[in-house]
């Protein structure tokens, strides 16, 4: 279950969902890739069994991620790759794994990535994430207001920027969103994502097979950059439509 949708930026009530799931004997893994870097996260409040998130979305290195789990939940996992530091005893007929998460991390650790992960987390721990949320919504409002009224452009998700965190996804009638993304990059130095954003079924169900263009702001973005985006986006849509 994704805590915050990567297409529309809408969050879900994780604690309530977890309670219903647990009442029915289900185990809950929360995808926090879009939420953990942007808002305070307390696993005891979420009440999930597992929480996973990616470091490349939170100023860290690529190829690194975190899986948090309750002690009893982690004990239920089986390693898919044995190796150094995962085994307490091995013989021709027996294999005993060490207890705890260590048995899941076989072989030489990605120590460069781990160092980068630690640095990113330490940096974000010095950031007031509540203020970051306010900053993202303020930037998102500039983008939302700036694209409103452009012919053929529709917003995915709630109209209120506060309900979409830092994400704005747009469909553009009569325009290839991949071409549009290239123009924004090459003509305006603006980097966005284009396509189906790993939710192909959502677009198929609505017959929106052209996909969408998505902006995503973070702590390093400015109001000036957001206004620049809306200006270059408007020009690009008019040129390509």
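Observations
- Only residues that are surrounded by 11 or more Cβ atoms within 10 Å (Cβ to Cβ), within 25 Å of the chain's Cα centre (by Cα) and under 22 Å from residue 69 (Cα atoms) were counted across segment 80-114, and they come to 7.
- Checking every residue in segment 91-98 against the condition of being in a loop (DSSP other than H, G, I, E, B), in contact with a strand residue (DSSP E or B) (Cβ under 6 Å, 6 or more places away or on another chain) and under 23 Å from residue 221 (Cβ atoms) gives zero matches.
- In segment 120-133, the residues that are part of a helix (DSSP H, G or I) and farther than 14 Å from residue 57 by Cα: 122, 125, 129, 130, 131, 132, 133
- Flag not set for residue 49, criterion: modelled with pLDDT of 95 or more, within 24 Å of the chain's Cα centre (by Cα) and closer than 23 Å to residue 216 by Cβ.
- Of the residues 67, 59, the single one that is on the phi > 0 side of the Ramachandran plot, assigned by TED's automatic domain parsing to the domain that holds residue 44 and either at pLDDT 90 or above or not in a loop (DSSP other than H, G, I, E, B) (or both) is 59.
- Test set (1) under 25 Å from the mean Cα position of the chain (by Cα); (2) loosely packed, with under 12 Cβ neighbours inside 10 Å - residue 70 fails condition number: (2)
- Strands (runs of 3 or more DSSP E) wholly inside segment 134-241 that include at least 2 residues being under 20 Å from the mean Cα position of the chain (by Cα) and surrounded by 20 or more Cβ atoms within 10 Å (Cβ to Cβ): 167-172, 212-216
Here is a yes/no grid of residues against (1) outside any strand (DSSP E or B); (2) closer than 27 Å to residue 203 by Cα; (3) in contact with a helix residue (DSSP H, G or I) (Cβ under 7 Å, 6 or more places away or on another chain):
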{"position": "8", "(1), (2), (3)": "yes, yes, no"}
{"position": "20", "(1), (2), (3)": "yes, no, no"}
{"position": "89", "(1), (2), (3)": "no, no, no"}
{"position": "103", "(1), (2), (3)": "yes, no, no"}
{"position": "106", "(1), (2), (3)": "yes, no, no"}
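The values are calculated or read from the model by the stated rules, or taken from the named source; none is laboratory data. The structure presented is a predicted model; accordingly, all values stated were derived computationally and were not measured. Heads up, the Cβs are rebuilt from the backbone with ideal geometry, glycines too, and the neighbour counts pull from every protein chain shown.
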